[in-house]
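A short reminder: the numbers here are calculations on the coordinates, not readings from a lab. In this text the structure is predicted, and so the values were computed from the model without any measurement. In this analysis, Cβ positions are derived from the backbone assuming ideal geometry, glycine residues included, and neighbour counts consider all displayed protein chains.
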Amino acid sequence: MSQPTSLFLAGDDHAVLMLHGLSSSPLELRFLARYLNAEGFTTCAPVLPGYSAGSEEAAMEAWLDAAVREYDALAARFAHVSICGLSIGAALALALAHRRPAARSLVLLSLTLSYDGWAIPWYRFLLSWAYFTPLRKRWRYREEAPFGLRNEALRAKIARAMQRSDFSEVGPSTISLPALHEASRLAASVRTQVRDIKTDCLIVHAIDDETSSPRNARFVAANIGAAFLRTIWLDDSYHMITSDNEREIVARETALFLRESEVAHGGDDSGKQPVVSKALARRLRQLAALGKERV
Amino acid sequence: MPGTAFCIAAALVEYFCGLAPALAVMLLGLGIADYLFVPPYAAITVFNSADLVLLISYPLVTLLVIVLIERLRRSQFRAELIASVAQSRYEMLLRHDNERLLARRAVDETHRLLRHLSHHHRTFIFIQALERDALQQVDDVRTPGLLPRLPNEIAPGPRFADVDTEDIQRLSKALWPGSHRVRMKGADGASRLTECMCERFTTHAGEFLVLRIGD
């Protein structure tokens, strides 16, 4: 069994801490990390003990502490640190942003606060009860097709990789019950904290997400306290938006958002792109008017 | 029909709360209607034709209404999601459009700068880059006439040496687009005041001010 390894790509003084999904590995963020690095960002996708694949399950407080340690290590070296999370990693990113409000921006990809997508059977709630039975140690939740992928060629490739290894580009092949239990505890605590988070936030979610329904993203978009919030909906992807058909869009918009957030808070206008397009100016005015109405 | 009020209640609950609460209301309503509004009243031990009529007609009508509303609600949810996809795509498109326009403007300006330099190549005095690292970038782009590593982001032109050093000092600190008067050495060595023109160019490598001798 191979162990996952951390990913660190050095760039400028804006570092992005990337948190992968539950019991998974930094592999699933590799494309995004490389793209962001090519755009100049420093990217760091760490392996968190107790959370990543191949390590003994730990309580969600331990996940959060490990993430905070990684964040502090980056914050000591770089001027800006943003947090990016995929799936349960996005819930972890929210918890981390609550613990460290100084984070520059927050990117939530396929945020999962509850497993309620269309591929999740209605009797899944039994799984949270199974945690309190002897099944806890033995039974493991097995990842099945479509593996969060709409792209069928990629799905076939992943299905082969899943048989060979414990984790792949799109996540683990199995998840243990304690890990799922801790993830639901994390999600429950994040739901209560969302209102207090003021960090700039980008939410990217697929409307056909088979693991977490768009309600998760809507909940955060409606409740988060951030002034600069952008929501992007995708319709040609499933859950693993960093590997699926629209991964280029996800990467591009993430890079754009991180730069905009950095410029908006940097104080100097030198990096700011002037608005030349009349249609964009009109749209921005509309959005500003909408924002005023909401307040 | 004894179940009408409960049918309406179930339809309203379905519209506002969803399928599961509506089904609960329907079943509850069936029991209450049968108990209170079907003769004999307030007795559950008797089962006659009136009960049978309620048992068939009420669930039939209510289920039909609930299921249709549920289907409409689902397609409404779907349509809202697709609309939000369209909206985020439109916003992405507008942002890309803005970038494209900026790039085109920068390219146009670069062409104008190049034309300007080649047209006035005998008369221009110096080029000033307004951003600190602009000259470094120009080094990659290879705009003709610019040399890297000069003080104050200034690259000299062919007539640079003829201009009085005091004027160079003054202009390098405060240069703006428009006309300037500069003391310049003539062919005979005597200096005289000359009208000069300064123009501004916003290229993709940064902003530049070009000073040249006026026509």
- For A:L22, list long-range residues whose amide hydrogen, built 1.01 Å from N in the peptide plane, is under 5 Å from its own amide hydrogen. A:I88, A:G89
- Using only C-alpha positions, report the orientation-averaged shadow area of the convex hull of chain A, nm², one decimal. 15.6 nm²
- So what are the radius of gyration and Dmax for the Cα set of the range A:68-178, in Å? 17.2, 48
- Task: Provide B:Y41, A:Y51 in ascending order of the number of other Cβ atoms located within 10 Å of each residue's Cβ, fewest first.
- Result: B:Y41, A:Y51
- Packing-wise, with mean Cβ within 10 Å as the measure, how do B:79-90, A:178-189 rank, highest first? A:178-189, B:79-90
- Dipole magnitude (debye, nearest 20) for chain A, charges at Cβ of Lys, Arg, Asp, Glu: 500 debye
- If the cut-off is a Cα-Cα distance under 26 Å, which lysines reach B:K185, setting aside same-chain residues fewer than 8 apart in sequence? B:K173
- Message: For chain B, take every pair of Cα atoms, bin their distances at 5 Å starting from 0, and report each bin as a whole percent.
- Response: 1, 6, 11, 10, 8, 6, 4, 3, 3, 3, 3, 3, 3, 4, 4, 4, 5, 5, 4, 4, 3, 2, 1, 1, 0, 0
- Residues meeting the amide H criterion for A:D200 (H placed from the backbone, H to H distance under 5 Å, 5 or more places apart or on another chain) are A:L106
- Task: Rank these for me by crowding, A:T43, A:T5, going from fewest to most other beta carbons within 10 Å.
- Result: A:T5, A:T43
- Note on the structure: Residue-ordered couplings for the range B:100-113, obtained by feeding phi - 60° into the Karplus form 6.51 cos²θ - 1.76 cosθ + 1.60 and rounding to whole Hz (Gly and Pro as x), are 5, 4, 4, 5, 5, 4, 5, 5, 4, 5, 4, 4, 5, 4
- Task: Sum -39500 (n - 2.57) across every DSSP H segment of at least 4 residues in chain A, then divide by the residue count to get the 222 nm mean residue ellipticity, nearest 500.
- Result: -13500 deg cm²/dmol
- Near A:K278, which lysines are there with a Cα under 28 Å away, not counting those fewer than 8 places off in the same chain? A:K292
- Task: Pop out the ³J(HN,Hα) list for the range A:76-90 in order, Karplus 6.51 cos²θ - 1.76 cosθ + 1.60 with θ = phi - 60°, rounded to Hz; leave Gly and Pro as x.
- Result: 6, 9, 10, 5, 10, 10, 10, 10, 10, x, 10, 6, 5, x, 6
- Item | Sequence of A:Y35, B:Y15 once ranked by neighbouring C-beta atoms within 10 Å, starting from the fewest | B:Y15, A:Y35
- Task: Work out the length of the dipole vector of the range B:4-85 about its Cα centre, built from +1 on the beta-carbon of each Lys and Arg and -1 on the beta-carbon of each Asp and Glu, and round it to the nearest 20 debye.
- Result: 280 debye
- Task: Can you tell me the order of B:44-51, B:19-26 when each peptide is scored by its average per-residue count of other Cβ atoms within 10 angstrom, highest first?
- Result: B:19-26, B:44-51
- Report the antiparallel proportion of the DSSP beta bridges in chain A as a percent, rounded to a multiple of 5. 25 percent
- Task: For chain B, calculate the relative contact order in percent as a whole number, restricting contacts to Cα pairs under 8 Å that are 6 or more residues apart.
- Result: 17 percent
- Query: What is the mean number of Cβ atoms from other protein chains located within 10 Å of the Cβ atom of each residue in peptide B:96-105, rounded to a whole number?
  - Reply: 4
- Message: With viscosity set to 0.692 mPa s at 37 °C, what whole-number translational diffusion coefficient in µm²/s follows for the protein assembly as shown from Stokes-Einstein and a Kirkwood radius over Cα pairs?
- Response: 119 µm²/s
- For peptide A:206-212, compute the average count of partner chain beta-carbon atoms within 10 Å of each residue's beta-carbon. 2
- Task: Give a quick list of GluC sites (Glu not before Pro) in the range A:55-106 that DSSP marks as loop, anything other than H, G, I, E or B, with at most 12 other Cβ atoms within 10 Å.
- Result: A:E56
- Message: Give the average, rounded to an integer, of partner chain Cβ atoms located within 10 angstrom of each Cβ in B:79-91.
- Response: 5
- Task: Please report, in cubic angstrom per residue, the volume enclosed by the convex hull of the alpha-carbon atoms of the range B:4-85.
- Result: 69 Å³
- Table column - 3J(HN,Hα) (Hz), the range A:109-119, Karplus curve with 6.51, -1.76, 1.60, x for Gly and Pro: 9, 6, 3, 10, 9, 9, 7, 9, x, 6, 8
- Note on the structure: If amide H atoms are modeled at 1.01 Å from N in the peptide plane, then the residues at a separation of 5 or more from B:E207, or on another chain, having amide H under 5 Å from its own are B:L130, B:E131
- Message: Helix-only estimate, please: 222 nm mean residue ellipticity of chain B, summing -39500 (n - 2.57) across DSSP H runs of length 4 or more and dividing by its residues, to the nearest 500.
- Response: -20000 deg cm²/dmol
- Task: Beta carbons within 10 angstrom, averaged per residue: use that to sort the peptides A:248-261, A:21-34, B:160-173, highest first.
- Result: A:21-34, A:248-261, B:160-173
